[in-house]
1. Working only within segment 37-60, note down all residues that are more than 16 Å from Thr11 (Cβ to Cβ) and buried (at least 18 other Cβ atoms within 10 Å of the Cβ).
2. I'm trying to understand the selection: among the residues of segment 2-37, which are closer than 23 Å to Met272 by Cβ and either assigned to a loop (DSSP other than H, G, I, E, B) or among the basic types (Lys, Arg) (or both)?
3. Given the criteria at pLDDT below 95, surrounded by fewer than 20 Cβ atoms within 10 Å (Cβ to Cβ), farther than 13 Å from Val275 by Cα and of a type in the set (A, V, I, L, M), does Ala202 qualify?
4. As an exercise: evaluate Arg289 against (1) surrounded by 19 or more Cβ atoms within 10 Å (Cβ to Cβ); (2) touching a strand residue (DSSP E or B) at 6+ places or on another chain (Cβ under 8 Å) and give the number of the one condition it does not meet.
5. Considering segment 214-244 alone, what residues qualify as being touching a residue at least 60 places away in the same chain (Cβ under 8 Å) and surrounded by fewer than 18 Cβ atoms within 10 Å (Cβ to Cβ)?
6. Residue check: is Ser187 of a type in the set (Ser, Thr, Tyr), under 14 Å from the mean Cα position of the chain (by Cα), surrounded by 15 or more Cβ atoms within 10 Å (Cβ to Cβ) and farther than 22 Å from Ala96 by Cα?
7. So is Arg277 in a helix (DSSP H, G or I), touching a residue at least 12 places away in the same chain (Cβ under 8 Å) and of a type in the set (Lys, Arg) or not?
8. Scan Gly99, Gly154, Gly142, Gly111 and give me the residue that is modelled with pLDDT of 95 or more, at negative phi and of a type in the set (Gly, Ala, Ser).
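The values are calculated or read from the model by the stated rules, or taken from the named source; none is laboratory data. Small disclaimer: the values here were computed from a predicted structure and weren't measured. No Cβ is skipped: glycine too gets one built from the backbone with ideal geometry, and neighbour counts run over all protein chains shown.
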Amino acid sequence: MNQPINILLQTTIERTDNDWHIGRFSMLQEYLASLRDVDGHPLFRVTARDRDSVDAPDPVLSTLDQSIYDELWLFAVDVGNGLSDEDRAGILRFRARGGGILLTRDHMDLGCSVCTLGPLGAAHVFHTHNIDADPPPPDDLGTPQILWPNFHSGANGGVQRVDAQLPAHPVMLDADSENGTVMYLPSHPHEGAVLAPTSGSAARVIATGTSLASGQRFNIAVAFERSDSDGPAIAQSTFHHFADYNWDPHRGSPDFVSEAPVYALPGDSKAMASVHRYVRNAALWLAGRDT
C-alpha cells in the first residue's frame, strides 16, 4: 500500500495567542488527517506547528530537506521577520529534492518574509516587495488602513465563486461540481496578489476570482509544475482560504480583525465540499499523486 503523505502545516510566527497561530488552522489539519485511501488507510500524516524563536534559525525549517516531510504548507503570517536566511535555504533545498510546497500570505506586506524563496517567492507581490512600480490604489476601501493588494472577495465566513483557468489544472478538477471544476472557496475582504513569474517557466495561473468592490479579476492560485530541479508548488493569494475563521467564524479570530463576518460557508454543504475538494486535490498533487 502507499505510505501516508507527510504534510507539515507551518506558520512563520512564534506561538502568539492573539495572532494567526497554527491552532487557527485546526479544521484544515483535521480534514486532511481524516482522509482515507480506497483500503481505508490514512492518506496523510499531518504535523502542525508554529516556528520557534525568530531570534534563531527554526530547527525544522532550516533543516527541512533532511526531514521526513513530503510537502510544506507555509502560512506566512509575519510582518517581515518570519524566516531567517537559514530557514529560506532549508526550504529551497527541500523543494530542490522534490518536496511540494503550498505558500500563502495575505494583504499588503503581510508575509513578505517569503519574497526571496526563488520563483515561488517571486510569485507573491506585496505592497513594497516584489513590485516594479508604485502600488496601485487599494481595491477594497472598507478598511482604509489596509492598502493594495487587498482584493475584496467577500466577508470572512462567506463564499466566493472562483474560475478555473483552462485547460483546468488537476488541482482544480471536481467531478461532483456542475462544470467539472472547483467552483467555490472561502471569501476574504482583502486578498493578496499572486502571479506567474517570468523566472518560473513552469508556472501558470490556475484559478481567478472577482472583486466584489471593483469587479476586477484577480489571481487566486499559481501552480508550479514539478521539474528536474524543483518539486511542485502552489502560490495562494491568502491564507484565509484555509483558516478556521473563514471556514466557520464561530471559531474566532485575533481581536485586530475589525470586519464583521458572515456565516454562509458553515451552512453551505455544496460550497464546503468544493473547498474540501480543492484542499484534497492540492495535497495529493503536491505529493505527485493522482487527484
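1. Leu43, Phe44 - these are the residues of segment 37-60 that are more than 16 Å from Thr11 (Cβ to Cβ) and buried (at least 18 other Cβ atoms within 10 Å of the Cβ).
2. Trp20, Arg24, Leu35, Arg36, Asp37
3. yes
4. In the conditions (1) surrounded by 19 or more Cβ atoms within 10 Å (Cβ to Cβ); (2) touching a strand residue (DSSP E or B) at 6+ places or on another chain (Cβ under 8 Å), Arg289 misses (1) alone.
5. Correct list: Ser214, Gln216, Arg226, Ser229.
6. Spelling it out, Ser187 is indeed of a type in the set (Ser, Thr, Tyr), under 14 Å from the mean Cα position of the chain (by Cα), surrounded by 15 or more Cβ atoms within 10 Å (Cβ to Cβ) and farther than 22 Å from Ala96 by Cα.
7. Against the criterion (in a helix (DSSP H, G or I), touching a residue at least 12 places away in the same chain (Cβ under 8 Å) and of a type in the set (Lys, Arg)), Arg277 qualifies.
8. One residue alone meets the criteria, Gly99.
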